[in-house]
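Here the structure comes first, spelled out in structure tokens, and everything after it is commentary.
The values are calculated or read from the model by the stated rules, or taken from the named source; none is laboratory data. Values in this document were obtained by computation on a predicted structure and should not be read as measured data. Neighbour counts run over all protein chains shown; Cβ positions are idealised from the backbone, glycine included.
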Amino acid sequence: MTAAEVAEHAPTRLYTVTEMAEELGVTPRALRFYEDKGLITPSRAGTTRVYTRREHARMQLILRGKRLGFSLREIKQFLDLYDVDPTHKEQLRTLLEAVRHRIDDLETTREALTKTLLELREIEDQTLRTLAKRAPKATA
């Protein structure tokens, strides 16, 4: 049996809000926020929210997407495609397009930061030279 087959036949792991939050390094409030945005849909055991492996995996993708700078709208679009396309081809195409766009944005930001840093260093050097010229001269 492959690892995927073992995981598929393993009993479903359920997480409480506290367990899920601790394992992912987020607050319970963050989980409720993503639930309110429709990105995760925990089940209920009475009045208690319970999260499945699916919600856990979705949260990992959400957090990774946020860390990489994607908007919640982009993340939701990507997650929604996963559910409707069993081949995941459209999801992969969408991911590729989003990743390329994000790379372009970051390259543009890097260029702007490089220019700003150069200009600030020039100002720093000019200011230091001006201060050195205006420093009182010691008499011998």
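Checking Ile103, Ile75 one by one, the residue that is in contact with a Gly (Cβ under 6 Å, 6 or more places away or on another chain) and closer than 30 Å to Gly25 by Cα is Ile75 and no other. Taking the criterion of being under 29 Å from Thr12 (Cα atoms), in contact with a strand residue (DSSP E or B) (Cβ under 9 Å, 6 or more places away or on another chain) and polar (S, T, N, Q), would at least one residue in the range 45-68 satisfy it? Yes, because at least one residue in the range 45-68 is under 29 Å from Thr12 (Cα atoms), in contact with a strand residue (DSSP E or B) (Cβ under 9 Å, 6 or more places away or on another chain) and polar (S, T, N, Q).
The residue list Arg49, Arg54 contains one member that is without any contact (Cβ under 8 Å) to a residue 40 or more places away in the chain, charged (D, E, K, R) and touching an Asp or Glu at 6+ places or on another chain (Cβ under 9 Å), which is Arg49.
The helices (runs of 4 or more DSSP H) located wholly in the range 51-134 that include 1 or more residues which are under 19 Å from the mean Cα position of the chain (by Cα), over 26 Å from Glu35 (Cα atoms) and at pLDDT 90 or above occupy 89-134. Residues of the range 51-58 include at least one that is under 23 Å from Arg29 (Cα atoms), among the hydroxyl-bearing types (Ser, Thr, Tyr) and touching a helix residue (DSSP H, G or I) at 6+ places or on another chain (Cβ under 9 Å).
For the condition touching a helix residue (DSSP H, G or I) at 6+ places or on another chain (Cβ under 8 Å) and of a type in the set (A, V, I, L, M), Ala112 does not qualify.
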